[in-house]
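Read the figures in this text as sums done on the coordinates, not as results from a lab. Here the structure is a predicted model, which means the values were calculated and not measured. Note: ideal-geometry Cβ built from the backbone for every residue, glycine included; neighbour counts use all protein chains shown.
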Amino acid sequence: MQAGNEEKVDALCKRHCAFALYALPGEKKAHFCMAADGRTESTVSLGAGFIIATFTGEQLFIPAELEEPPATADAWTELELAPERPATTRKQYAELFKLYTGYIHSGRVRKIVLARTADEAVTPDFSPCRAFMQACEARPEAFKALVHTPQHGTWLFCTPEQLITGHDTDWHTMALAGTRMPCRLPWDSKNRREQALVTEFVREILTPLADEISESAPENLRAGNIEHLCTRFHLRMPQENLLRVLAQLPPTPAVCGSPVETARELLLSTPDINRSCYAGYLGPWDKSAVQLYVSLRCMQIFPGFCRLYAGGGLMPDSDEESEWQETHAKMQTMRALIS
């Protein structure tokens, strides 16, 4: 995207159209994607574009017809979106922690992800595009995206987690779980067991779909002010199996729970928050290459404030205050862009 387009992008964030502005890990260049008429499509096109999917799997596809923002946003009507409910209070979080750990201790699930939101005020001159550019400077190793659709409004992402990336028969993904402040000490048993659940799930899903599969030993992955445990997978897989991966892999136990189907049913029947685009997936899609990432470290942008999203995996030995502080640490990536 050319310099000087910040005002054009910010203007589009207020309109009834869709676009994506994104930067791949390790790249300084920002890419812009938009249909000429600002539309989204409900299915992935054979051509190039950008996918954003919700936690429950509903996909929107933005065709790549424009590589620069249009000169004026007046072609589209203004868009007004407001949150469905207030942000999570500390009391609500405590009540949900008790409910969700009850599911674990009763044996219904081995793990479940409790998520929460927090609202942060912004000044009238807050620029979503400028916040995106700041994320690109601060987090070169992450996937960054500013995505706006009439269905979901404006979201900013700065995620460390691969869902599936690659081309032809060469593909990569990861199992990412466990969270702590960076240190040299061994990981505790709670985080190691949590990461093992995710690794086992990813392995079981991918093995029948891949011709060859290899995985690394768990390693530390730095993500801003915190670090995670990461197991990397490399696959040889026919490209025609990619849609089957998207149908079966997300949401993984890292953002949902284990067993996945039971945890997802519980999260939808007794919701902590409206996850919307949080913990879904997003990224550019092309016949030559696919780069999809899990929608973490994110916020939704409203007039006058931003709503931050974060979650943590609950295990039998989880501590409520520690889990609350973990979500606070995860939100720091977005808070830094606001301040």
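Exceedance of the 25 Å cut-off in Cα-Cα distance is limited, within the set LYS8/LYS287; LYS144/LYS287; LYS8/LYS29, to LYS8/LYS287.
Computing Kirkwood radius over Cα pairs in Å directly from the structure and comparing it against (1) 22.4; (2) 24.5; (3) 20.3 singles out (3). Report the local net charge at SER106: Lys and Arg +1, Asp and Glu -1, summed over other residues whose C-beta lies under 15 Å from its C-beta. Its environment carries a net charge of +3.
Using a cut-off of 14 Å between beta-carbons, work out the net charge of the residues near THR207 (Lys and Arg +1, Asp and Glu -1, THR207 not included). Walk me through the numbers on the way to the answer.
Numbers: positive: ARG203, ARG236, ARG244; negative: GLU200, GLU204, ASP211, GLU212, GLU215.
Residues near THR207 contribute -2 overall.
Compute the FRET efficiency between LYS29 and GLU7 as 1/(1 + (r/R0)^6), taking r as their Cβ-Cβ distance and R0 = 22 Å, and round to the nearest 0.05. Rounded to the nearest 0.05, the efficiency is 0.65.
What's the extension gain from GLN248 to ALA71 if we count 0.36 nm per residue and subtract their Cα-Cα distance? Walk me through the numbers on the way to the answer.
Working: separation 177, 0.36 × 177 = 63.72 nm, distance 4.05 nm.
Result: 59.7 nm gained on full extension.
Order of 288-300, 60-72, 182-194 by packing, highest average Cβ count within 10 Å first?
On the way: 288-300: 23.0, 60-72: 17.2, 182-194: 13.3.
Ranking the peptides 288-300, 60-72, 182-194 by packing returns 288-300, 60-72, 182-194.
Quick check: residue separation of THR56 and GLU137 times 0.36 nm, minus the Cα distance between them. What number comes out in nm? Value of the extension gain: 26.0 nm.
Give the lysines reachable from LYS91 as a straight Cα distance under 24 Å; neighbours fewer than 8 places away on the same chain don't count. Reachable lysines: LYS111, LYS330. Would you calculate the separation in nanometres between label points at PHE302 and SER322, each defined as 7 Å from the Cα along the Cα-to-beta-carbon direction? Distance between label points: 3.3 nm.
Can you give the helix-only mean residue ellipticity at 222 nm for the chain, where every DSSP H stretch with n ≥ 4 adds -39500 (n - 2.57) and the sum goes over all residues, rounded to the nearest 500 deg cm²/dmol? Intermediate results must be reported in sequence, preceding the final value.
Values: 7 runs with 88 residues, N = 339.
-8000 deg cm²/dmol, from helical runs alone.
Once the Cα-Cα distance is subtracted from the 0.36 nm per residue extended length, the ARG335 to LEU46 segment shows a gain of 100.3 nm. Note that region 316-329 has calculated 3J(HN,Hα) couplings of x, 9, 5, 10, 4, 5, 5, 5, 4, 5, 5, 5, 4, 5 Hz, one per residue in order, obtained from phi through the Karplus relation 6.51 cos²θ - 1.76 cosθ + 1.60 (θ = phi - 60°); glycine and proline are x.
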